[in-house]
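**Student:** Submitted below is the structure of interest, expressed as structure tokens.
Read the figures in this text as sums done on the coordinates, not as results from a lab. Source: prediction; values computed, not measured. Positions of Cβ are generated from backbone atoms using ideal geometry, with glycine treated the same way; all protein chains shown enter the neighbour counts.
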2 protein chains.
Amino acid sequence: MLNFDYYNPTHIVFGKDRLSELDQLVAKDAKVLITYGGGSVKRFGTLDKVKAALGDREVLEFGGIEPNPQFTTLMKAVEIVKSENIDFILAVGGGSVIDGTKFITQAASWDGDAEELLNFGFGGTPATNLTPFGTVLTLPATGSEMNMGAVVSHKGGKFVVMNMGAFPKFSVLDPELTFTLPETQVANGIVDTFIHTVEQYITFPVDARFQDRVAEGILQTLVEVGEQTLKNPEDYDARANLVWCATNALNGLIGAGVPQDWTTHMIGHEITAMFGIDHGKTLAIVQPAVWKIRKTQKHAKLLQYAERVWNLTEGDEDARIDAAIKKTVNFFESLGIKTKLSDYGIGADKIDLLIEGLELRGMTALSEDGTVTLDVSREILTEAL
Amino acid sequence: MLNFDYYNPTHIVFGKDRLSELDQLVAKDAKVLITYGGGSVKRFGTLDKVKAALGDREVLEFGGIEPNPQFTTLMKAVEIVKSENIDFILAVGGGSVIDGTKFITQAASWDGDAEELLNFGFGGTPATNLTPFGTVLTLPATGSEMNMGAVVSHKGGKFVVMNMGAFPKFSVLDPELTFTLPETQVANGIVDTFIHTVEQYITFPVDARFQDRVAEGILQTLVEVGEQTLKNPEDYDARANLVWCATNALNGLIGAGVPQDWTTHMIGHEITAMFGIDHGKTLAIVQPAVWKIRKTQKHAKLLQYAERVWNLTEGDEDARIDAAIKKTVNFFESLGIKTKLSDYGIGADKIDLLIEGLELRGMTALSEDGTVTLDVSREILTEAL
């Protein structure tokens, strides 16, 4: 097992009918800014319930945070936080709204040019004294509700923004608030959770048995409840299991003490940035190709994955690994998610463009051992055609 | 899945050679009280390393916290915290030292009679403004290093003492610090971890798939590394897996959103209080008997346990459950832990005394559904003879 630090102070408030507890979770005298995305939290009444729970507090609203939240949009909210002396921000939405809110609170406390905050990556920004924030989650996918990371889009690129002070103070996870999600967003969320898990699991073995078992538990659960929660969105337990898995897939638990490989996310970000394909859908394209191209490096963990997640225990090892990759692809497709670039009309002629994007953002030594060069990324993208 | 709150702000500092980081983890100007137990932390040099890492800080020591820490012992440390204006307490030891330190910090901040703090049980004490504390763990077993609960002994009874402010600020978990433990303490710790896990797992199903998989992952890991880490105490990875499992077995993760049954612990506490048998050893006596007597109520989860932890998938369901209980007993005995009261010379004539103790402490409606009355506890103890 590798050395690690694990720290996660977010208070999770999970279950049915928990929204009314916002009254206890937010300070009585706080001036609150509610951040949200499109109209769905209005249309389905979540925003009204949140405001009702906040009672007499002075509440301002900032809507319109888009999927893949844009720096320029978020800066408008930063102005409000500063000019209105906001005490508490409440993000109501999915990963984009929560990620955006993490950036808002950092930029609002930052005296310099906020664009600088995009350049610190996994090392974390130096912003301090962040305005505290909580979340009401409406989309299980990114895990942002229980971590301190965000991804912000700017000038055609995606930027990782982290800060140890940017954990939500609390996150209300009521699975019923997600029942009204469109099927495609639920499917994207299942894939996103699946890929978060395998990017911290399918690398090379370091004898981290607890972490492996937890990762496998998330994957097994997703396979068990994936189709069920798509077909029966109001099946509470199926959705509750998805929501809790999505949170645990990226709260630091399964990644503690193990190597990680974020190649699929990094290449996926380029595809989203250039072609506007949903984040989750890009992951389903890239991940199987990564495994095929990196089968040697990932042999031991792919074999473990085949055995423990897909119960493939007999026959030639390579054949088992191939079967596990095939089962993964079939699982994504059973959720209505395509798994090839060509399914989106993207041909070999676009690969140069994607490679240029990776180069521009310094993504030239990806993976658990830094050996996914631009040439390897080209192989991966070619495999994904 | 049941509704739940999950909150755990302890910073885990895990791995080799982490003790020197105490210098960053404790405030530079803090006046520190180090709490510890017997002489082993002195004998094996851990205390010296801790003091070296604390550098120029003013450091006081309080040793002699015994296994099953006594109220009267702990109150002597409370006096020091108060009279010396201690800013930070550093517990160096296992569960007893850490539990004791949690009580010390609560009692030191409590204006009333400290004995009152023993009476709040799982509801939590009303003590506030606790002196912050951290831990350096030397014994993987109780999980106390990442939770806010303690058990304190007083006048022949054991009392649960909880407080939301009593999470350690940090816990340094260096598996190498546990290499010098006597074999029997390691074996006790393995059993303690195992029982913590099953008391949150083997109840009745509520479709909490993630929690079940994590619990099963801990149990599988303990079965895999148990004998190995006893026989080869300096096998780093085996010990690291035990340490991290012990922490995760009682940090709230596997118990979130599921029923819990602490019958085995409660009956075990009586056996320890009356006969002085190690905590872990009492659990290995009681748990198999609980399962045998409560086979009907726990049928579904015992069957799942048989299948997923012990790979018992064929034949009659009751036979599979019996086989799983037998395998559990064999596992404890493979660690050198006895599993019957009679192994300790305790006969049927002592059961009345134990039942009186349970009654005295109000343990008259135990288990996940409150139906383990004193009569059922008597059946369990008779089965355990």
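**Student:** Can you give the mean number of other chain Cβ atoms that lie within 10 Å of the Cβ atoms in peptide A:231-244?
**Tutor:** Numbers: counts 0, 0, 0, 0, 1, 2, 5, 2, 1, 9, 7, 2, 2, 9.
Across the residues of A:231-244, the mean count of other-chain Cβ atoms within 10 Å is 3.
**Student:** Can you give me the distance in nm between label points at A:H154 and A:E61, each placed 7 Å from the Cα along the Cα-to-Cβ direction?
**Tutor:** That separation, rounded to one decimal, is 2.9 nm.
**Student:** Any idea what % of Cα-Cα pairs in chain B are farther than 35 Å? Before the final figure, lay out each step's value.
**Tutor:** Working: 16857 of 73920 pairs.
Percent of Cα pairs beyond 35 Å in chain B: 23.
**Student:** Quick one: if the Förster radius is 30 Å, what FRET efficiency do A:V206 and B:E307 give, using the C-beta to C-beta distance and rounding to 0.05?
**Tutor:** Working: r = 28 Å, r/R0 = 0.94.
Once the sixth-power term is evaluated, E becomes 0.60.
**Student:** Placing unit charges on C-beta atoms (Lys and Arg positive, Asp and Glu negative, everything else neutral), compute the dipole magnitude of the protein assembly as shown about its Cα centre in debye, rounded to 20.
**Tutor:** Here the protein assembly as shown has a charge dipole of around 80 debye.
**Student:** Give the shape of the stretch B:202-328 as rounded, prolate or oblate, defined through the alpha-carbon gyration tensor: a ≥ b ≥ c are the square roots of its eigenvalues, a/c under 1.5 means rounded, and otherwise the shape is prolate if a/b is larger than b/c and oblate if not.
**Tutor:** Working: a/c = 1.41, a/b = 1.15, b/c = 1.23.
Rounded shape, in that the Cα axes give a/c under 1.5.
**Student:** How many partner chain Cβ atoms sit within 10 Å of a residue's Cβ in peptide B:205-217, on average, as a whole number?
**Tutor:** On the way: counts 0, 2, 7, 5, 14, 15, 4, 2, 10, 7, 2, 3, 9.
Rounded to a whole number, the mean comes out at 6.
**Student:** Rounded to the nearest 5, what % of the DSSP beta bridges within the stretch A:11-177 are antiparallel ones?
**Tutor:** Numbers: 6 of 27 bridges.
For the stretch A:11-177, the DSSP antiparallel bridge percentage is about 20.
**Student:** Tell me whether the stretch B:41-199 comes out rounded, prolate or oblate; compute the Cα gyration tensor, take square roots of the eigenvalues as a ≥ b ≥ c, and use a/c under 1.5 as the rounded threshold. All intermediate terms of the calculation are to be shown ahead of the outcome.
**Tutor:** Values: a/c = 1.74, a/b = 1.11, b/c = 1.57.
The shape class here is oblate.
**Student:** Antiparallel versus total DSSP beta bridges in the protein assembly as shown: what percent is that, nearest 5? Walk me through the numbers on the way to the answer.
**Tutor:** Values: 21 of 63 bridges.
Antiparallel: roughly 35 percent of the beta bridges in the protein assembly as shown.
**Student:** Using a Förster radius of 45 Å, what is the FRET efficiency between A:E379 and A:D23 based on their Cβ-Cβ separation? Nearest 0.05, please.
**Tutor:** On the way: r = 55 Å, r/R0 = 1.22.
Computed FRET efficiency for A:E379 and A:D23 comes out at 0.25.
**Student:** Sticking with this one: Would you mind checking which residues have amide H under 5 Å from B:T10's amide H? H placed 1.01 Å from N; only 5 or more apart, or other chain.
**Tutor:** none
**Student:** Can you tell me the order of A:285-294, A:239-248, B:310-319, A:41-50 when each peptide is scored by its average per-residue count of other Cβ atoms within 10 angstrom, highest first?
**Tutor:** Numbers: A:285-294: 24.0, A:239-248: 27.6, B:310-319: 12.3, A:41-50: 16.6.
Top of the packing list down: A:239-248, A:285-294, A:41-50, B:310-319.
**Student:** With +1 on each Lys and Arg Cβ and -1 on each Asp and Glu Cβ, and nothing else charged, work out how big the dipole of the stretch B:1-97 is about its Cα centre, in Debye to the nearest 20. Could you put the intermediate results ahead of the total?
**Tutor:** Details: 11 positive and 13 negative charges, 54 e Å.
Charge dipole, the stretch B:1-97, about its Cα centre: 260 debye, nearest 20.
**Student:** Go through B:26-37, B:209-220 and give me the packing order, highest mean Cβ count within 10 Å leading.
**Tutor:** Numbers: B:26-37: 19.2, B:209-220: 24.6.
Output ranking for B:26-37, B:209-220: B:209-220, B:26-37.
**Student:** Consider the operator that turns chain B into chain A: which B residue has a Cβ nearest its axis, and what is that gap in Å?
**Tutor:** Taking the axis that maps B onto A, the answer comes out as B:P9, 2.
**Student:** Another question, then. Only four residue types carry charge here, +1 at the Cβ of Lys and Arg and -1 at the Cβ of Asp and Glu. Report the dipole size of chain B about the Cα centre in Debye, rounded to the nearest 20. It would help to have the intermediate numbers written out before the result.
**Tutor:** On the way: 34 positive and 52 negative charges, 61 e Å.
Charge dipole of chain B: 300 debye, to the nearest 20.
**Student:** From the residues A:L222, A:F167, A:L47, which one has its Cα farthest along the dipole of chain A in the positive direction, the dipole being from +1 and -1 charges on Cβ of Lys/Arg and Asp/Glu about the Cα centre?
**Tutor:** Looking along the dipole axis, the top candidate is A:L47.
**Student:** Once you put a point 7 Å from the Cα of A:E227 and another 7 Å from the Cα of B:A319, both along the Cβ direction, what distance in nm separates them?
**Tutor:** Each label point is offset 7 Å from its Cα along the Cβ direction, giving 3.3 nm.
**Student:** Would you mind calculating the relative contact order of chain B from Cα pairs under 8 angstrom and at least 6 residues apart, reporting the percent as a whole number? Can you show the working numbers first?
**Tutor:** Numbers: 704 pairs, mean separation 59.8, N = 385.
RCO, chain B: 16 percent.
**Student:** Loop only by DSSP, 16 or fewer other Cβ within 10 Å of the Cβ. Give me the chymotrypsin sites (Phe, Trp or Tyr not before Pro) in the stretch B:69-122 that pass, ordered by residue number. Each step should come with its number before you reach the end.
**Tutor:** Numbers: sites: B:F71, B:F88, B:F103, B:W110, B:F120, B:F122; in loops: B:W110, B:F120, B:F122.
Of the chymotrypsin sites (Phe, Trp or Tyr not before Pro), the ones in loops of the stretch B:69-122 whose Cβ has at most 16 other Cβ atoms within 10 Å are B:F122.
**Student:** To continue, here is another question. Put a point 7 Å out from Cα along the line to Cβ at A:R378; what are the distances to that point in the other copies, in nm, shortest first?
**Tutor:** 8.2
**Student:** Given a Förster distance of 60 angstrom, what is the FRET efficiency for A:T371 paired with B:D349, based on the Cβ-Cβ distance and rounded to 0.05? If you can, show how the numbers build up before the last one.
**Tutor:** On the way: r = 70 Å, r/R0 = 1.16.
Between A:T371 and B:D349 the formula returns 0.30.
**Student:** Can you find, among B:N311, B:L353, B:I325, the residue farthest towards the positive end of the dipole of the stretch B:299-363? Put +1 on the C-beta of Lys and Arg, -1 on that of Asp and Glu.
**Tutor:** The residue sitting farthest along the positive end of the dipole is B:N311.
**Student:** For the stretch B:183-383, what does the relative contact order come out to in percent, with C-alpha contacts under 8 Å and a separation of six or more?
**Tutor:** Numbers: 242 pairs, mean separation 53.2, N = 201.
26 percent.
**Student:** If you don't mind, another one. Taking 7 Å along the Cα-to-C-beta vector as the label spot, tell me the A:F275-B:S342 distance in nanometres, rounded to one decimal.
**Tutor:** Simple spin-label model gives 7.2 nm for this pair.
**Student:** Over 29 Å between C-alpha atoms is what I'm after, so list which of A:K298/A:K327; A:K76/A:K169; A:K28/A:K155; A:K28/B:K28; A:K169/A:K340; A:K326/A:K350 land there.
**Tutor:** On the way: A:K298/A:K327 17 Å; A:K76/A:K169 23 Å; A:K28/A:K155 39 Å; A:K28/B:K28 35 Å; A:K169/A:K340 39 Å; A:K326/A:K350 25 Å.
Result: A:K28/A:K155; A:K28/B:K28; A:K169/A:K340 exceed 29 Å.
**Student:** Go through A:127-138, B:298-309, B:363-374, B:191-202 and give me the packing order, highest mean Cβ count within 10 Å leading.
**Tutor:** Values: A:127-138: 21.8, B:298-309: 19.8, B:363-374: 16.9, B:191-202: 26.3.
Ranking the peptides A:127-138, B:298-309, B:363-374, B:191-202 by packing returns B:191-202, A:127-138, B:298-309, B:363-374.
**Student:** Right, here's the next one. Highest GNM mean-square fluctuation, chain A, Cα pairs closer than 10 Å: which of A:N330, A:N147, A:N188?
**Tutor:** A:N330
**Student:** Just to check I understand the Karplus step: with θ = phi - 60° and J = 6.51 cos²θ - 1.76 cosθ + 1.60, what whole-Hz values come out for the stretch B:223-231, glycine and proline as x?
**Tutor:** Coupling constants for the stretch B:223-231: 5, 5, 9, x, 5, 4, 6, 6, 6 Hz.
**Student:** Still on this structure, I have one more. How much mean residue ellipticity at 222 nm does chain B get from its helices, if each DSSP H run of length 4 or more adds -39500 (n - 2.57) and you divide by all residues, to the nearest 500 deg cm²/dmol? Provide the component values of the computation, followed by the final result.
**Tutor:** Details: 14 runs with 175 residues, N = 385.
Calculated at 222 nm, the ellipticity per residue is -14500 deg cm²/dmol.
**Student:** Another question, if that's okay. To the nearest whole number, what is the average tally of beta carbon atoms from other chains within 10 Å of the beta carbons of peptide A:8-17? Walk me through the intermediate numbers first.
**Tutor:** Numbers: counts 7, 6, 4, 5, 8, 5, 8, 6, 3, 1.
Rounded to a whole number, the mean comes out at 5.
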